[in-house]
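A.B. asks: Pasting a structure below so you can have a look.
Every read-out reported here was derived from the displayed coordinates using simple, explicitly stated rules and does not represent laboratory data. Everything quoted here is computed from the prediction, not taken from an experiment. Glycine gets a Cβ as well: all are built from the backbone with ideal geometry, and neighbour counts include every protein chain shown.
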Amino acid sequence: MPSQHLRGTVWNMMYITFGVRQDNPLCDWMANIGLAFTVIAGTYSLFQPAPYGRYSSPKFGPTIPAKTAWIIQESPAFIVPILVVLTTPHVQLSNAPNAIALSLFLLHYLNRTFIFPFALPEQVKPIPIPTIFSAFFFCAYNGFLQGHHLANAYRIESSGFAETVGISMFFLGMWINIKHDGILMNLKREAGTDSEGNTDYEIPTGGLFELISGANYFGEILEWWGLALYTGGYPQIAFATFANTFLSIRAFHHHRWYKEKFGSAYPSERKAIIPFVF
């Protein structure tokens with residue numbers, strides 16, 4: 001049934017911006033643009049890894065300390081959906097699966113915005129402002145899309161199998177992501193510095209790092225495909241596709257970087273992102 005739940009709210013401009021009059025076409029258009037961005041960002045990152053972490057450099061612009069940068073750039077994905085709920089009718093949240101799905105999305109960004117940054121070691125490189133700006137914009141855009149879609153535009157129809165598998169994938173992926181982020185942060189805390197004063201890197205071991213170089217990314221990819229399976233919604237599928245593309249390419253760059261740095265000392269059987277495959 002056609003809906004216009006942004007009418008009379010601060011978000012009414014979204015209809016005008018995207019040239020639509022209803023909620024579902026708005027979400028579809030935004031998801032389409034998200035997929036187009038996936039192609040552009042994915043193609044670019046094949047040749048130039050996003051400049052944060054080990055790839056951060058002042059040549060990409062002025063930098064901000066990593067802890068502050070992560071809070072700034074990730075916070076819209078947590079704050080914007082909450083603002084959408086508070087300022088719109090949020091009629092779909094009376095449906096328990098919708099409320100659960102939005103809560104899962106917020107749970108990830110609660111960790112990414114308010115917990116993960118404070119656990120970062122001091123040795124983490126500062127992040128260039130252009131990188132922060134692009135991540136901030138993406139998180140605001142995606143935060144609105146996911147929040148509006150799940151709160152107002154789309155009703156999740158209960159499907160016991162898909163819901164059970166999807167939510168299990170999400171929590172397993174989140175656990176994998178947090179566990180392996182922790183392994184990397186502990187390695188960095190324990191690392192020394194090289195002759196130029198840069199933080200040394202060590203070969204990560206333990207858990208899925210025995211099989212793949214991007215174990216933390218594998219966990220996050222699993223999270224978002226779990227949410228997509230749980231909802232069956234196009235915007236969640238589009239976001240999972242973006243995460244899958246961007247993080248897989250970054251894992252590939254990490255894998256190649258480790259092999260170049262450590263040579264024969266790096267486990268030859270270890271893959272980039274998919275155990276035993278790639």
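A.B. asks: Can you give me the P(r) profile for the stretch 1-125? Cα pairs, bins 10 angstrom wide beginning at 0, each as a whole percent.
C.D. replies: The percentages, shortest bin first, are 10, 28, 34, 21, 6, 0.
A.B. asks: Here is a follow-up. Pairs to check: 59/188; 59/125; 59/261. Give those whose C-alpha atoms are more than 20 Å from each other in this structure.
C.D. replies: 59/188; 59/261
A.B. asks: Take the stretch 96-183, compute every pairwise Cα distance, and split them into 10 Å bins from 0; I just need the percent in each bin.
C.D. replies: Going from the shortest bin to the longest, the percentages are 13, 37, 34, 14, 2.
A.B. asks: Shifting gears a bit: Could you pull out the longest piece of the chain with no exposed loop GluC sites (Glu not before Pro) in it, calling a site exposed if DSSP puts it outside H, G, I, E, B and it has at most 10 other Cβ atoms within 10 Å?
C.D. replies: It works out to 1-121.
A.B. asks: Please report the relative contact order for the stretch 13-265, taking Cα pairs under 8 Å with a sequence separation of at least 6, and give it as a percent rounded to a whole number.
C.D. replies: The value is 26 percent.
A.B. asks: Can you pull the one-decimal nm distance between simple spin-label points at residue 54 and residue 91, each 7 Å off the Cα toward Cβ?
C.D. replies: 5.1 nm
A.B. asks: Which angle between 0 and 90 degrees, to the nearest 10, do you get for helix 23-47 versus the longest principal axis of the chain when only C-alpha atoms count?
C.D. replies: Tilt relative to the chain: about 20 degrees.
A.B. asks: Taking the Cα centre as origin and putting +1 on Lys and Arg beta-carbons and -1 on Asp and Glu beta-carbons, what dipole magnitude results for the stretch 13-265, to the nearest 20 debye?
C.D. replies: For the stretch 13-265, the charge dipole is close to 300 debye.
A.B. asks: Could you go through the stretch 127-133 in sequence order and give the Karplus-derived ³J(HN,Hα) for each residue, using 6.51 cos²θ - 1.76 cosθ + 1.60 with θ = phi - 60°, rounded to whole Hz, and x for Gly and Pro?
C.D. replies: So the J values, rounded to whole Hz, are 10, x, 4, x, 5, 4, 4.
A.B. asks: What is the angle, in °, between the Cα long axis of helix 66-87 and the longest principal axis of the Cα atoms in the chain? Nearest 10 is fine, range 0 to 90.
C.D. replies: Helix 66-87 sits roughly 10 degrees off the main axis of the chain.
A.B. asks: For the chain, just the Cα set please: Rg and Dmax, both in angstrom.
C.D. replies: 19.6, 65
A.B. asks: Can you give the calculated 222 nm mean residue ellipticity of the chain, where each DSSP H run of n ≥ 4 adds -39,500 (n - 2.57) and the sum is split over every residue, rounded to the nearest 500 deg cm²/dmol?
C.D. replies: -21500 deg cm²/dmol
A.B. asks: Pull up all non-local amide H partners of residue 127: gap of 5 or more, or a different chain, and H-to-H distance under 5 Å with H placed in the peptide plane.
C.D. replies: Those qualifying (amide H under 5 Å, at least 5 residues apart or on another chain) are 64, 66.
A.B. asks: For residue 257 and residue 157 in one chain, what is 0.36 nm times their gap in residues minus the Cα-Cα distance, to one decimal in nm?
C.D. replies: Result for the pair: 31.6 nm of gain on full extension.
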